[in-house]
Amino acid sequence: MKKFVQKLGIIAASGLLFGAVAGASFTGVKAGVEYVGEAVSERFGIEQTKKDQEKDGDTKSNAVVGGTQSVTVSANEDSKLYDVADLAEQLTPSVVSITSTTIYQNPYAYFYYGESVERTVTGCGSGVIIGEDDDRLLIATNNHVVEGTESLTVGFSDGTDAEAEIVGSYAGKDLAVVSVMKSALSKETLDTIHIAGLGDSETTRIGEPVIAIGNALGYGQSLTVGYVSAKEKPVTINNASINMIQTDAAINEGNSGGALFDMQGKLIGINSAKARNMNNNVEGMGYAIPISDAIPIIQSIIDGTQSELVQGNAYMGIQGKDLTSYEAASFNMPQGVYLLAVVEGAPADQAGLQSGDVITAVDGISVTTMAEIKTILADKQPGDTVEVTLSRSDQRGSYIEQTVTVTLGNHVE
């Protein structure tokens, strides 16, 4: 059993599409706590309906969320068993698909073709409509679904699509909010949309049935059913340990950012990751960010106050690839982290780092992986400076080492 646990990994439940579906990327999360209350409802249309949850023996829930009736759930008076088909019909309009476009540079193109080659990669994920203001629909998702993307398209349950913009994100908790302008949607589409009713993940019990809805494998909306397997399950992703809800409802690539509902039709989690081992034969181990932890973060993103939550969440603004010793030797490159991209205007960009550079050390500490860079930055604050040692190829393909000073920024900027 010990060997199995050591080989068990967590992957983000977002997918990369290359015409067909392929692969997945690493990531995951945790967060704060507390109810949102009236102030949240006034600001962006979320109303917590805790009283509805406390009514013992109710046979239906008429939770009004942001002025929209989100769900009316029928139940059998005798057995109290809820009709999943009824729930699916009423909850699906509160979940959206998210298709992203990202541009990557091929790290080996220079050696093969003598020039840099970019390629466009399409990714799939999900989102939950959690609020609105006068002009926008506000959609919660995972940061890893939208991070580094060039463009986003949101697909609604009636089959229509619209362009979306990132409102903000909190990478340390793997949460983000995107918006869609209401003016871009027809009246018919707006009439079909529901805003998800918020549950209380703190009172959720192990063994309770749950429903996961999302854009699994990028094929469009689908639903799976399971149970809460565990609570406050520590999951380590990207060097951050997060307490999550574990469920055996199937969570697959593309489900990232989607909804985990209880059987009263209340949102109790944002689906984020799944477990697998080397043989990819792990079943029934999916993970969701508890909604009671997520809502304060989501609120702060919308209010633009998320920086108040950030401590030691400094970043450089780079996308990198770990170079193996074989790759480095094959292309006569130093072993380190190859920069696929540098975010425009980010601290790394301002310090002069470029795509194609190979980072070999940070503050005098040798690095060969992005994880090692993140570990060093985890002890830093926004505004701190770090010395980055990098090697840059000249016109003859030789790498010349240099050191630059980077003033770290805030992960949520």
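Please treat every number below as a calculation from the coordinates, not as lab data. In this text, all values refer to a predicted model and were calculated from it rather than measured experimentally. A quick note on method: Cβ atoms are made from the backbone with ideal geometry, for glycine too, and the neighbour counts reach across all protein chains shown.
The table that follows gives values for the structure above.
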| read-out | value |
| --- | --- |
| Extension gain from residue 350 to residue 387, taking 0.36 nm per residue of separation minus the Cα-Cα distance | 12.0 nm |
| Inter-label distance for residue 103 and residue 208, nm, one decimal - labels placed 7 Å from Cα along Cα-to-Cβ | 4.6 nm |
| Long pairs among 173/274; 182/274; 231/374; 182/266; 231/266; 233/274, criterion Cα-Cα beyond 22 Å | 182/274; 231/374; 182/266 |
| Trypsin sites (Lys or Arg not before Pro) within region 374-413, DSSP loop, no more than 12 other Cβ atoms inside 10 Å | 396 |
| Packing rank of 357-363, 398-404, 162-168, 289-295, where each peptide gets the mean count of other beta carbons within 10 Å, highest leading | 289-295, 357-363, 162-168, 398-404 |
| Potential extension, residue 410-residue 327 segment - 0.36 nm per residue separation minus Cα distance | 26.6 nm |
| Neighbour-limited loop hits for trypsin sites (Lys or Arg not before Pro), region 156-228 (at most 14 other Cβ within 10 Å; DSSP other than H, G, I, E, B) | 205 |
